[in-house]
1. Which ones in region 89-98 are over 14 Å from the mean Cα position of the chain (by Cα) and of a type outside the set (D, E)?
2. What number of residues in region 20-36 are closer than 22 Å to I93 by Cα and touching a helix residue (DSSP H, G or I) at 6+ places or on another chain (Cβ under 6 Å)?
3. Does any residue of region 45-60 turn out to be of a type in the set (F, W, Y) and modelled with pLDDT under 95?
4. Taking only region 17-37 into account, find how many residues are farther than 11 Å from L63 by Cβ and not in a loop (DSSP other than H, G, I, E, B).
5. State whether one or more residues within region 70-88 are more than 12 Å from the chain's Cα centre (by Cα) and farther than 22 Å from H43 by Cβ.
6. So which residues in region 38-58 are of a type in the set (G, A, S) and part of a helix (DSSP H, G or I), if there are any at all?
7. Go through (1) touching a strand residue (DSSP E or B) at 6+ places or on another chain (Cβ under 7 Å); (2) of a type in the set (S, T, N, Q); (3) loosely packed, with under 15 Cβ neighbours inside 10 Å one by one and return the number of the condition N89 breaks.
Amino acid sequence: MADQNAAERISVDDFMLAAQRGDRDTLARALEAGTKINAIDAHGNSALMYAAAAGQTKTCQWLIEQGIDKGTVNNWGLGARDWSKWSSNVDDIRKVVY
């Protein structure tokens, strides 16, 4: 029960941070508690964007399997494909997000 209560308190920013870190356990708990897979932060960024920029290939794939919209763009018109360019393993990320 304590774990579920903690998941229910996960903010959108914490959801994005979990994606950036590749913390799929926290992401899964958040989704189970009702966080929407396509949640965006104040700038329109999605969890997929954060995971892509951080080079989290497995997390990107997992988010896509959970149904995240690969076509979401932020307030500046940038999407996960654009964010993937900042990754140290850009080629691996591009295989997933394109």
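1. Once the filter is applied, which keeps residues that are over 14 Å from the mean Cα position of the chain (by Cα) and of a type outside the set (D, E), region 89-98 yields N89, V90, R94, K95, Y98.
2. Qualifying residue count, region 20-36: 5.
3. no
4. Going through region 17-37 one residue at a time, the tally reaches 8.
5. The answer is yes; a qualifying residue exists.
6. A47, A51, A52, A53
7. Evaluating N89 over (1) touching a strand residue (DSSP E or B) at 6+ places or on another chain (Cβ under 7 Å); (2) of a type in the set (S, T, N, Q); (3) loosely packed, with under 15 Cβ neighbours inside 10 Å leaves (1) as the failure.
So that you can scan it fast, the table gives a plain yes or no per residue for (1) more than 20 Å from R9 (Cβ to Cβ); (2) surrounded by 22 or more Cβ atoms within 10 Å (Cβ to Cβ):
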site: G34; (1), (2): no, no
site: D41; (1), (2): no, no
site: S46; (1), (2): yes, yes
site: A51; (1), (2): yes, yes
site: Q56; (1), (2): yes, yes
site: C60; (1), (2): yes, yes
site: E65; (1), (2): yes, no
site: N74; (1), (2): yes, no
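The values are calculated or read from the model by the stated rules, or taken from the named source; none is laboratory data. What you are looking at is a predicted structure, and each value in this text was computed from that prediction instead of being measured. Methodologically, a virtual Cβ is constructed for each residue, glycine included, from the backbone with ideal geometry; neighbour enumeration extends over all protein chains shown.
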